[in-house]
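A.B. asks: What follows is a structure written as structure tokens; I'll ask about it next.
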2 protein chains.
Amino acid sequence: MNIAIIGTGHMASGLAKQFALAGHRVMLGSRHPAQASLPASTPSSVAVLAIPQALQSAEVVFLAVPFAAVGDVIQAAGPWDGKIVVDITNPLTPDFMELSRGFTTSAAEEIARLIPGARVVKAFNTVFAQVLDQGPDFGSERVSVFYAGDDESANQCIADLIASTGFKPVYAGGLKNARYLEPLAALTIQLAYALGHGTQIAPAFLERPSASS
Amino acid sequence: MNIAIIGTGHMASGLAKQFALAGHRVMLGSRHPAQASLPASTPSSVAVLAIPQALQSAEVVFLAVPFAAVGDVIQAAGPWDGKIVVDITNPLTPDFMELSRGFTTSAAEEIARLIPGARVVKAFNTVFAQVLDQGPDFGSERVSVFYAGDDESANQCIADLIASTGFKPVYAGGLKNARYLEPLAALTIQLAYALGHGTQIAPAFLERPSASS
């Protein structure tokens with residue numbers, strides 16, 4: 001798969017590493033590609049390009065910049081029509097400890113309204129960069145990556161992409177359910193940073209066979 | 001511990017069963033105690049009383065009625081001063097598929113405002129009655145019970161109570177974090193009822209040792 005990731009921060013480089021290790025072609029898009037510095041663990045196949053060049057041949061575009069910067073990125077780049085755009089953001093307050101919006105809206109829905117021609121999927125917003133960097137295995141469990149979106153083929157594409165990295169794709173319904181996934185990230189941030197669990201945690205759903213089936 | 005549970009539905013009887021099995025004294029409070037019918041699996045030590053009688057000697061009171069009924073119950077019963085009150089509700093729309101409030105408020109915070117003398121703890125709202133009924137063990141994992149509250153001694157009491165049943169207490173911060181726990185229940189409901197996972201699921205946080213520690 002040809003994947004563009006806009007951003008060069010910890011989430012961007014973590015995604016780039018996992019997708020490159022899974023054999024995908026990964027292009028990071030930066031406003032200042034010559035100045036971008038990636039972690040030493042980034043596979044050498046990962047290219048850093050100007051944003052328009054990164055987008056050119058990409059089937060899937062990850063928005064891996066802070067939510068507050070997404071509007072500018074969307075305006076500056078494009079065209080977006082027909083692209084699968086993955087929103088990994090969380091709409092956080094400046095101290096990162098609360099959400100700046102929710103209940104009647106979500107970052108994902110606001111992004112989708114900005115690029116009506118694109119097929120927006122919410123994903124990876126509950127996965128810390130530190131978890132992404134170290135990979136999907138938590139003992140015998142794989143880390144869940146929740147994804148939500150309204151376009152069936154885009155959802156399937158992202159599910160396949162997640163599965164290709166060894167993470168566990170968990171379908172969370174339509175894009176509107178970002179209203180639940182973004183608070184889940186906020187809870188994860190609380191546990192990690194305010195309540196002492198650290199960043200090697202990830203939300204999941206345990207399941208057991210029903211006694212009556 | 002002397003525990004009153006207001007309500008006689010599936011959550012009420014599930015809590016009663018687990019608390020009674022753990023050796024606590026459990027009183028269910030009902031407006032019509034003579035007409036209450038509990039599942040056959042309810043331990044015989046569980047008493048069904050009128051609400052005022054159930055509350056009388058209780059140190060901890062569970063509100064196990066639908067959120068829409070909580071206001072009436074709070075007005076009709078009491079006194080609430082000094083009691084530990086556990087809010088297990090989710091503020092759902094009539095079709096159970098969405099939340100009726102969130103982001104700037106939560107069911108738990110609204111309940112706390114109604115009974116300012118009580119120490120309110122949010123807990124058990126992400127645990128399905130069907131999970132509660134069958135107990136805490138999901139293979140090698142125990143089901144997490146998230147609890148959130150502003151009073152340290154009340155939080156500790158509820159953590160001990162949860163642990164006594166074999167479920168895993170997970171502290172989720174102050175009562176305000178009910179704003180994250182209620183959407184987590186909504187997501188759990190979506191997965192169970194809309195997305196085919198069924199009701200034997202429960203949210204949890206996976207943890208692994210940090211590579212750098």
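A.B. asks: Which one of these does A:ASP95 not meet: (1) out of contact with any Phe, Trp or Tyr (no Cβ under 8 Å at 6 or more places or on another chain); (2) at pLDDT 95 or above; (3) farther than 19 Å from A:GLN18 by Cα?
C.D. replies: So A:ASP95 meets the others, but not (2).
A.B. asks: B:TYR193 fails exactly one of the following numbered conditions: (1) within 9 Å of chain A (Cβ to nearest Cβ); (2) under 21 Å from A:VAL145 (Cα atoms). What is the number of that condition?
C.D. replies: Every listed condition holds for B:TYR193 apart from (1).
A.B. asks: Which ones in the stretch B:80-97 are hydroxyl-bearing (Ser, Thr, Tyr) and either buried (at least 23 other Cβ atoms within 10 Å of the Cβ) or in contact with a Cys (Cβ under 7 Å, 6 or more places away or on another chain) (or both)?
C.D. replies: B:THR89
A.B. asks: Return the pair list, or none, for Cβ contacts closer than 6 Å from residues in the stretch A:56-85 that are of a type in the set (Ser, Thr, Tyr) to residues that are not in a helix (DSSP H, G or I), at least 6 apart or on different chains.
C.D. replies: Pairs that qualify, where the first residue is of a type in the set (Ser, Thr, Tyr) and the partner is not in a helix (DSSP H, G or I), are A:SER57/A:ASN2.
A.B. asks: So which residues in the stretch A:116-162 are among the charged types (D, E, K, R), closer than 18 Å to B:GLU207 by Cβ and touching a Phe, Trp or Tyr at 6+ places or on another chain (Cβ under 9 Å), if there are any at all? Show your work before the answer.
C.D. replies: Narrowing the stretch A:116-162 to residues among the charged types (D, E, K, R): A:119, A:122, A:133, A:137, A:141-142, A:150-152, A:160.
Going one step further and asking which of them are closer than 18 Å to B:GLU207 by Cβ, we end up with A:133, A:137, A:141-142.
Listed by number, the list holds a single entry, A:ARG142.
A.B. asks: Take B:SER57 and decide whether it is among the small types (Gly, Ala, Ser) and more than 14 Å from chain A (Cβ to nearest Cβ).
C.D. replies: The answer is yes for B:SER57.
Each row is one residue, and each column tells you yes or no for (1) surrounded by fewer than 21 Cβ atoms within 10 Å (Cβ to Cβ); (2) under 11 Å from the mean Cα position of the chain (by Cα).
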| site | (1), (2) |
| --- | --- |
| B:ALA118 | no, no |
| B:PHE124 | no, yes |
| B:ASP133 | yes, no |
| B:PRO136 | yes, no |
| B:GLY149 | no, no |
| B:LYS168 | yes, no |
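A.B. asks: Would you pick out the residues in the stretch B:170-189 that are surrounded by fewer than 23 Cβ atoms within 10 Å (Cβ to Cβ) and farther than 20 Å from A:ALA202 by Cβ?
C.D. replies: Correct list: B:GLY174, B:LYS176, B:ILE189.
A.B. asks: When you go through B:VAL170, B:VAL145 one by one, which is the residue that is more than 21 Å from A:LEU181 (Cβ to Cβ), in contact with a strand residue (DSSP E or B) (Cβ under 7 Å, 6 or more places away or on another chain) and modelled with pLDDT of 95 or more?
C.D. replies: B:VAL145
A.B. asks: Taking strands (runs of 3 or more DSSP E) that fall entirely within the stretch B:81-188, which contain at least 2 residues that are within 12 Å of chain A (Cβ to nearest Cβ)?
C.D. replies: Qualifying strands (runs of 3 or more DSSP E): B:144-149, B:168-171.
A.B. asks: Which residue, of B:THR165, B:THR199, is more than 20 Å from B:PHE67 (Cβ to Cβ), touching a Phe, Trp or Tyr at 6+ places or on another chain (Cβ under 7 Å) and hydroxyl-bearing (Ser, Thr, Tyr)?
C.D. replies: The unique qualifying residue is B:THR165.
A.B. asks: Just the residues that are surrounded by 15 or more Cβ atoms within 10 Å (Cβ to Cβ) and not small (Gly, Ala, Ser), please, taken from the stretch B:98-113.
C.D. replies: Answer for the stretch B:98-113, where residues must be surrounded by 15 or more Cβ atoms within 10 Å (Cβ to Cβ) and not small (Gly, Ala, Ser): B:GLU98, B:LEU99, B:ARG101, B:PHE103, B:THR105, B:GLU109, B:GLU110, B:ILE111.
The values are calculated or read from the model by the stated rules, or taken from the named source; none is laboratory data. This one's a predicted model, so the numbers in the text were calculated from it and none came from an experiment. FYI the Cβ positions are ideal-geometry reconstructions off the backbone, even for glycines, and counts take in every protein chain you see.
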